[in-house]
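The structure appears right after this line, and notes come after that.
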Amino acid sequence: LEVRFVDAAGTVVDTWQEHYAVAAEWFRVHQHTTNAAMKSYTVDPWVTYFNQSHNFASEPSEWGVRVDGVKELEQYISSQPLYRLYMHHRRARYAALKRQGIMGTFYQNTHYSGQMGYEMIREYPEYALYDPNGQFALDPVYGGYPNPMELASPLETGPKRQVAKPYLDRKLSSWQHGPANMAREDAVRYMAECIKEYAAFLNCDGIYVDGNVGVFAGYAYDGRSAVPSGKREDYIALNARNHRIFSEILKAENPNFGTWYNWGKRGVEYWTEWGTTTYFGSGVGQDTSDATVRAAAGWKNVMFLDEQQHTLYQGDGDTRYPERLLAHMCENRDYLVQGYGANVIMGYLSNGTISHDEPGPDRWGWATHNYFGALFLATQHHVASWFVPSWRPTLQFMARYSRFLWAPDVKTLPDDQQTIAVHAPAGEIWWQRFVYKREREDGYDVIVHLVRIPPYKMWDLQWTVEPEPLAGVTIDAQIGAGQLQSVTALRPYHYEEAQQPVETRLQVQASNGQSQITVPPFRYHTMVVFRVKAQ
């Protein structure tokens, strides 16, 4: 949208532009930046580019949610973290957000829990997974054995609560989880049908599965192994089948119904190394097949979460170091985005160690958020974080230039150093692995990202020094036989500038298919687009 003020002489006095995500395939332009109220900065979905709302573990069960069990509820306690929730408020909020173009998702995993989950298993005991002693299997991540007295207590917690037997007036405890037997096709179909009906009831357009819908090792109701052979290839075949069935059911009427999994490359490598069978078939580690990830990613509107919660402020993992995070993000991009055409999001990134209400470039973690945002732009990642204004230059750039970042036809250029050469002061920028090519009907674009290197060893939200704009960077481009139509430099705004991306058409020195441009000064990130018309 563009607004122009024009005087009587026809001169444009002032103008302002904003772009908003309206793609039907909304995970393609996903911005998961939960609004946070601030005294010093106006915050709303249009300022934060917030286009998807999600609530963690807020349902009465993490597997087997049923509309019949909740449609009359006023209040209930969620089965995992024990949130007190108001069903009619949740439904109304999701509906209101949807009218604004903000899509809703809710949380599930393949583990039944709480009163609703165990009631479902009472009706369908064959859907449960068991241990060798015939007890319910233990969830390897969130697991806890059930308390039968608590599970017999009424689900309703508000004024409508009625207790027929006082000794059943119990408050639910957290983490009463048991895995479902996802080796059974009927259990998979049951889960998908329940989610489909529940999503319509909640006014949601997508589902987040914490993990995936693969098969855990364990025992069936008859005491036999859920996967009798125990062979990796049989787990892979079942895992791939499950993801195909899951998406077939959920996306049947709406191909853009969102399916969102917890599935970062290094996380999958870790879990499969420890023998977690649900991720077998991801094409990493000992896998000889990628059938599972292909079955999950081979649809429209699929997102994979790379769960990195402490990258910005604590711990000593790889992602706490900018250079190691760069390698991590490139691996994820090459694996999921370039390899399978899916989308990848990193989060949830906490910035809780900074002040939200004291404005300025030395507040809000401004420098570090913008150094970090440059890596998101250069590696085709989406952001999941709590909003502070220091994220806005990155988020605004993502919304406005998403076609150069996330369009399915944006491909890494494997021979980037044969096509592009960047000349810059030593140790100032990263650019290798950030060169892409995008085909057009009449030619192609070559897209080059230039990323300033943070000046510290580990991410530091307390860093208050902004870098001076870097000048004198040049790019040599070997275009070949095509006709170079234009070269444009695009970057997020700096703190002291108007809150608009800066777009500059560049002068080109060209000779014998070799073109050289000088990049305008920038602090954190610049994207240079060479537009070439085919001969």
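Here the stretch 166-199 and the stretch 317-392 have alpha carbon centers that stand 34 Å from each other.
Extent along the principal axes, Cα only, for the stretch 41-197: 57, 39, 28 Å, with the longest axis given first. Set the Cα radius of gyration of the stretch 42-95 against 2.2 N^0.38 Å, with N its number of residues, and you get 1.33. Note on the stretch 290-419: along the principal axes its Cα atoms extend 47, 31, 29 Å, ordered by decreasing extent.
Globularity index of the chain is 1.06 (Cα radius of gyration / 2.2 N^0.38 Å, N = number of residues).
Scaling the Cα radius of gyration of the stretch 385-522 by the globular reference 2.2 N^0.38 Å produces a ratio of 1.13. Here the spin labels are modelled as points 7 Å beyond Cα on the Cα-Cβ line, and at ALA481 and GLN500 they lie 4.1 nm apart. If you take the Cα centroid of the stretch 252-299 and the Cα centroid of the stretch 496-535, the two points sit 38 Å apart.
Mind checking which of PHE201, GLY281, GLN516 is farthest towards the positive end of the chain's charge dipole, using Cβ charges of +1 (Lys, Arg) and -1 (Asp, Glu) about the Cα centre? Going by the Cα projections, it comes out as PHE201. Sorted largest first, the principal axis extents computed over the alpha-carbon atoms of the stretch 435-497 equal 48, 26, 22 Å. Sorting the segments 273-281, 18-26, 239-247, 163-171 by their residues' average number of neighbouring beta-carbon atoms within 10 angstrom, most packed first, yields 239-247, 273-281, 18-26, 163-171. Screening the chain for whole DSSP H helices with an alpha carbon extent of at least 30 angstrom along the helix axis and a mean Kyte-Doolittle hydropathy of at least 1.0 yields nothing. The apolar share of the surface of the chain, taken as the fraction of accessible area on carbon and sulfur atoms (1.4 Å probe, ligands and nucleic acids excluded), comes to 50 percent. Of the residues LEU97, PRO148, SER113, the one whose Cα sits farthest towards the positive end of the charge dipole of the stretch 92-150 is LEU97 (charges of +1 on Lys and Arg Cβ, -1 on Asp and Glu Cβ, taken about the Cα centre).
Accessible area per residue for the chain, computed on protein heavy atoms with a 1.4 Å probe, is 42 Å².
Helix content alone sets the calculated 222 nm mean residue ellipticity of the chain: runs of n ≥ 4 DSSP H residues at -39500 (n - 2.57) each, divided across all residues, give -7000 deg cm²/dmol.
The values are calculated or read from the model by the stated rules, or taken from the named source; none is laboratory data. What you see is a predicted model, and the numbers here were worked out from it, not measured in a lab. For neighbour counting, all protein chains shown are included, and Cβ atoms are generated from backbone atoms with ideal geometry for every residue, glycine included. Note: areas computed on protein heavy atoms with side chains; ligands, DNA, RNA excluded. Shrake-Rupley method; radii C 1.70, N 1.55, O 1.52, S 1.80 Å.
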